[in-house]
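Here's the structure, in structure tokens; my notes come after.
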Amino acid sequence: MITKSRYYGGETFAEFMAHPIQSQEMWTAIANRVLIPLEISARVEALHGQWHLLVLNEDWCGDSINIVPIIAKLTESVSNMDMRILSRDQNLDIMDAHLTGGKSRSIPIVILLNPEFEECGWWGPRPRELQKWVVDKGMSLPKDERYKEIRTFYARDRGLTTMREIVQMLEECCVRGPARPI
């Protein structure tokens, strides 16, 4: 399903940002504000091998706007990790293998690939704390109120939770190895 050539067929963040996208100003503003703590970069640099993050994304997605620039900046801050972006809607085979709650095509989805391009884990579509709030309470709110709360979380968090969860997934993969079918 995910091969080295398919991975490298995806866009870099710079390529993604270079063509017209919805909410370009928001994407750019968030990308320009991201700061990666040295502690986070050091944790990634301490791991052996070249790691790959494959992101399923669409430019209209509010969660993607708040997450993908952070992941891009994280990968740019280290020498042993890179990232490519694929369209969710043009890669439904990959998306359908990474459904949120086993049923939802929610994005972004970040798939961790080891140096041999074997899948080790995946993350998304939001930080765990925020996803739990959305499922437990947020879905009962009107859409505009729910999205306001989600945007507030992202603004206050500044991507730190996303960074920590992605790095934790990477560290766990280094310990356990590639995901294996059960």
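The values are calculated or read from the model by the stated rules, or taken from the named source; none is laboratory data. Owing to the predicted nature of the structure, the values given are computational and were not obtained by experimental measurement. No Cβ is skipped: glycine too gets one built from the backbone with ideal geometry, and neighbour counts run over all protein chains shown. Ligands, DNA and RNA are stripped out before the accessible areas are found, and what is left, the full protein with its side chains, is counted by its heavy atoms. Shrake-Rupley method; radii C 1.70, N 1.55, O 1.52, S 1.80 Å.
With respect to Asn91, determine if the residue is surrounded by 12 or more Cβ atoms within 10 Å (Cβ to Cβ) and touching a strand residue (DSSP E or B) at 6+ places or on another chain (Cβ under 6 Å). Answer is no for this residue. Candidates in region 102-121 are the residues that are in contact (Cβ under 8 Å) with a residue 24 or more places away in the chain and open to solvent by 20 Å² or more (accessible area, probe 1.4 Å); of these, the one that is farthest from the chain's Cα centre (by Cα) is Glu116.
Do we have Trp51 as aromatic (Phe, Trp, Tyr), exposed (fewer than 12 other Cβ atoms within 10 Å of the Cβ) and either in contact with a Ser or Thr (Cβ under 9 Å, 6 or more places away or on another chain) or farther than 19 Å from Tyr154 by Cβ (or both) here? No: the conditions fail for Trp51. Go through the residues of region 146-161 one by one and say whether even a single one is open to solvent by 50 Å² or more (accessible area, probe 1.4 Å) and in a loop (DSSP other than H, G, I, E, B). Checked against the condition, which is being open to solvent by 50 Å² or more (accessible area, probe 1.4 Å) and in a loop (DSSP other than H, G, I, E, B), region 146-161 yields at least one hit.
Among residues of region 63-77 that are under 14 Å from Val167 (Cα atoms), those with a beta-carbon under 6 Å from a residue that is among the β-branched types (Val, Ile, Thr) and open to solvent by 10 Å² or more (accessible area, probe 1.4 Å) at least six positions away or on a different chain give the pairs Ile70/Val34; Lys73/Val34; Lys73/Ile36; Leu74/Ile36; Ser77/Ile36.
Residue-by-condition table, conditions (1) touching a helix residue (DSSP H, G or I) at 6+ places or on another chain (Cβ under 6 Å); (2) more than 28 Å from Leu47 (Cβ to Cβ):
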{"residue": "Ala97", "(1), (2)": "no, no"}
{"residue": "Lys103", "(1), (2)": "no, yes"}
{"residue": "Pro108", "(1), (2)": "yes, no"}
{"residue": "Phe117", "(1), (2)": "yes, no"}
{"residue": "Asp136", "(1), (2)": "no, yes"}
{"residue": "Asp157", "(1), (2)": "no, no"}
{"residue": "Glu171", "(1), (2)": "no, no"}
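Meeting the requirement of 2 or more residues that are touching a Pro at 6+ places or on another chain (Cβ under 6 Å), within 20 Å of Ile111 (Cβ to Cβ) and at pLDDT 95 or above, the helices (runs of 4 or more DSSP H) wholly within region 12-98 are 62-76.
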